[in-house]
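To keep things clear, I will list the structure first and then write my remarks on it.
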Amino acid sequence: MGVAIGLFTLTLLLARLGLPEYSHRVHPVALRGASGLPGAMLFNAGAFLLPGIALLLASQALRPSLAGHGWAARIGLTLAQLSALAFGLQGALPLDASGQDEHAMRLHALVWMLWWIAFVPAMLLLALGARRGVEFVVACLAAGVLVPLLAVLAPVDAWVGLAQRLAFALWLGWWLVAALVLSRVSASAQGSSPPARR
């Protein structure tokens, strides 16, 4: 999770290299990786593709901690992983800087929609099925409401860039919280298990 967050943050901090007119306040994140712009492939790899892969790999380690918690928790984590996959695909299916390739624009919009649409029911199912305490339920429900609110329903004028970055930060923050909560529970469960017989 830390690798994904670090890569995304570092890539955004370096986003204006080669394109000083790019604005974090005004421009969507994916616009910096539009095909035809300088360094677009590197940006897409650092901001979307590699963090998405890192989250998918890390989230596999969370599955054993939800064993025996029913279908809601398992499907919830699967949908969260689908959201991570869609996040990564935003880098593999970039926008077109010229705006003339409508197919590329549609594909990018599709995976962007899948990113937040898969995340919302994932949060509800994990809140209901993970059984990790009130704090984790609140974190899931807050993320499930605020991510689409900031990504889709926030004003899309002068502050669209900041609203989208807040949505991505909240999304990545939830992954970090989930990793800490689920790994802590797994570690305590292993520590309390009786030692194996020799």
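The values are calculated or read from the model by the stated rules, or taken from the named source; none is laboratory data. Small disclaimer: the values here were computed from a predicted structure and weren't measured. Note that each Cβ is placed from the backbone with ideal geometry, even for glycine, and that neighbours are counted across all protein chains shown. Accessible surface areas use protein heavy atoms only, side chains included; no ligands, DNA or RNA. Shrake-Rupley method; radii C 1.70, N 1.55, O 1.52, S 1.80 Å.
A few comments on the model shown:
- The value of relative contact order for segment 1-136, using C-alpha pairs under 8 Å at least six residues apart, is 27 percent.
- Counting all C-alpha pairs of the chain, share separated by more than 30 Å (%): 24 percent
- With all protein chains in place and a 1.4 Å probe, the accessible surface of the chain carries 73 percent carbon and sulfur.
- The stretch between D96 and L10 holds 28.6 nm of extra length on full extension. This uses 0.36 nm per residue minus the Cα-Cα distance.
- Packing order of peptides 42-54, 1-13, highest average first: 42-54, 1-13 (average count of other Cβ atoms within 10 Å over each peptide's residues).
- Fluctuation leader among S98, S59, S23 - the chain, Gaussian network, Cα springs under 10 angstrom: S98
- Calculated FRET efficiency for the pair T78/R131, C-beta based, R₀ 22 Å, to 0.05: 0.80
- Summed over qualifying helices (DSSP H, 4 residues or more, each -39500 (n - 2.57)) and divided by its residue number, the chain shows a 222 nm mean residue ellipticity of -21500 deg cm²/dmol.
- For segment 121-132, putting each phi into the Karplus relation 6.51 cos²θ - 1.76 cosθ + 1.60 with θ = phi - 60° gives couplings of x, 4, 5, 5, 5, 5, 4, 7, x, 6, 6, 10 Hz, in residue order, rounded to whole numbers and with x for Gly and Pro.
- Probe 1.4 Å, protein heavy atoms only - accessible area per residue of the chain in square angstrom: 52 Å²
- About its Cα centre, the dipole of segment 1-126 is roughly 340 debye, where the only charges are +1 on Lys and Arg Cβ and -1 on Asp and Glu Cβ.
- For D96, the residues 5 or more places off, or on other chains, whose built amide H falls under 5 Å of its own are S35, M105.
- Helix 50-60 axis, angle to the chain major axis (alpha carbon atoms, nearest 10°): 10 degrees
- Annotation: extensible slack from S23 through M41 equals 4.6 nm (criterion: 0.36 nm per residue apart, minus Cα-Cα distance).
- Under the combined filter of DSSP loop state and at most 14 neighbouring Cβ atoms within 10 Å, segment 1-73 retains these trypsin sites (Lys or Arg not before Pro): R16, R25.
- Residue-wise HN-Hα coupling along segment 35-47, computed from phi with Karplus coefficients 6.51, -1.76, 1.60 (Hz; x: Gly, Pro): 4, x, 8, x, x, 4, 5, 5, 4, 4, 5, x, 8
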